[in-house]
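In what follows, a structure is listed as C-alpha cells, so that the remarks can point back to it.
The values are calculated or read from the model by the stated rules, or taken from the named source; none is laboratory data. Just so we're clear, the structure is a prediction, and the values are computed from it rather than from any experiment. Positions of Cβ are generated from backbone atoms using ideal geometry, with glycine treated the same way; all protein chains shown enter the neighbour counts. These accessible areas exclude ligands, DNA and RNA; they are computed on the full protein's heavy atoms, side chains included. Shrake-Rupley method; radii C 1.70, N 1.55, O 1.52, S 1.80 Å.
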Amino acid sequence: MTDFLSIQDVTSIDSLIQEGLNAKQNPFANQHLGQRKTMGLIFFNSSLRTRLSTQKAAQNLGMNVMVMNVGQDSWGLEMEDGVIMNGDKAEHVKEAAAVIGRYCDVIGIRAFAGLQDREKDYSEQVLSQFKKYADVPLVNLESATRHPLQSLADCITIEEFKTKKRPKVVLTWLPHFKALPQAVANSFCEWMNHRDVELVVTHPEGYELAPEFVGDAYVTHNQAEAFEGADFIYGKNWSSYTQYGKVLTQDSSWMMTMDKLERTDNGKFMHCLPVRRNMKVTDEVLDSPQSLVIEQAANREWSAQAVLTEILQSL
Ligand code: CP
C-alpha cells in the first residue's frame, strides 16, 4: 500500500485487521521499519484520538513525528488554483505540500468538510491537492467524505467482540444541535459493506447518505425495528446530505438510551468519539459494560500502526 486515502487503497482488509491485532500483541516488533523516517501530521481541524494514536503508532514503528496545525502553527493555506491571493491565506498548497513532502516520508492529513458546498467537499480538494504536490505517501486522518483509520479500528473492534459469525451491525443517526460531516458514517458503511455482517442503517427522513456509501445496507426510518436482534449499535450524528449540511431535526427520541440497548441481542454500543453525553447518548449507556467506546479509541493506535506498517514496507 502506498497511500491510505480510502478503502480503495487496501489490498486485503483481513490482512490489515490481522496486522492491527499483531501490533496490539507486540507493538515494537516492526520498530526497524520506520527508523530514519519522518511522519508529518497536518491538521486543518481539531483532534484528540487521531493525533495521539497516529503519533504513537508512528513512534512504535521507530518514526520521527512532526505535528502541525494549519493556520495556527503555520500560514493559512490557499487551496484554489489560479486565484489572486489577496485574502487571509498567505501560502498556496502548491508550495506548502511540496515543502512538507521534502521533510516527510509519509504525510497524514485531517481536513473536514466545510458543509457549504457538497460538490467541493465530495471532490476532496485538500487531499487531491496534497496528492498532486507532496510526492510522498498520504494517510487520511479524516477527510471531507471519509475516516478510514476510524473504520479500520471499528472493524478490529467488531472482530474482537463479535459472538456470531455474521453479526447484525446497525448504524444509527443520533441527535445533535450542530451540523456535523457525514465522513464517519460514510466510511463505516463503506467498510461494513466489505465485511461479513448484516448491515442496517437507520435515520430520520432527510438524512439519507450518499448511495455509493450505503451500498447494500438495509435502510429504515424505524429505529426500533433496526435495533431488533442487533449485535452492535454504532451511533453517530451527521448533517443532511440531500439538503447539504443542514440540521433538519434534533428529535431527542433518536437518542441512544439503555432501554433501547436492552432491546437488542445483548448488543454492544460503539461511537467514534468525541460524544456529547445526554445529548446523543445517555450516561447509562456510555458507562455500561456494553459500551465499547474506549476499546474502539484504543484500537485507533493499532489501525494506524497496521496502515503505517504496510506503507513503510512499500517505501
Ligand atoms: N474519532 C476521532 O477521530 O477522534 P478525534 O476527532 O479526537 O481525532
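Annotations
- Among the residues of the range 27-48, those identified as under 29 Å from ASP88 (Cβ atoms) and not β-branched (Val, Ile, Thr) are MET39, GLY40, LEU41, PHE43, PHE44, ASN45, SER46, SER47, LEU48.
- Breaking point among (1) touching a residue at least 24 places away in the same chain (Cβ under 8 Å); (2) within 16 Å of the ligand (Cβ to nearest atom); (3) within 24 Å of GLU160 (Cα to Cα), for LEU21: (2)
- Selected residue (criterion: modelled with the lowest pLDDT) from residues of the range 196-221 that are open to solvent by 50 Å² or more (accessible area, probe 1.4 Å) and in a loop (DSSP other than H, G, I, E, B): ASP216
- Failed condition for SER15, given (1) over 21 Å from GLY101 (Cβ atoms); (2) crowded, with 16+ Cβ neighbours inside 10 Å: (2)
- Residue satisfying all of: in the range 264-314; at positive phi and more than 14 Å from the ligand (Cβ to nearest atom); least open to solvent (accessible area, probe 1.4 Å) among these: ASN278
- Within the span defined as the range 59-81, every residue fails to be within 13 Å of the ligand (Cβ to nearest atom), open to solvent by 30 Å² or more (accessible area, probe 1.4 Å) and charged (D, E, K, R).
- Annotation: of all residues in the range 47-82 being among the hydroxyl-bearing types (Ser, Thr, Tyr) and assigned to a loop (DSSP other than H, G, I, E, B), the one that is modelled with the highest pLDDT is SER47.
- Total residues in the range 30-51, condition surrounded by fewer than 16 Cβ atoms within 10 Å (Cβ to Cβ) and within 16 Å of the ligand (Cβ to nearest atom): 3
- Filter pass, THR11 being within 21 Å of ARG146 (Cβ to Cβ), outside the structural domain of PHE130 (by TED's automatic domain parsing) and outside any helix (DSSP H, G or I): no
- The condition of being in the same structural domain as SER291 (by TED's automatic domain parsing), more than 16 Å from the ligand (Cβ to nearest atom), at pLDDT 95 or above and not polar (S, T, N, Q) holds for only one of PRO167, PRO181, that being PRO167.
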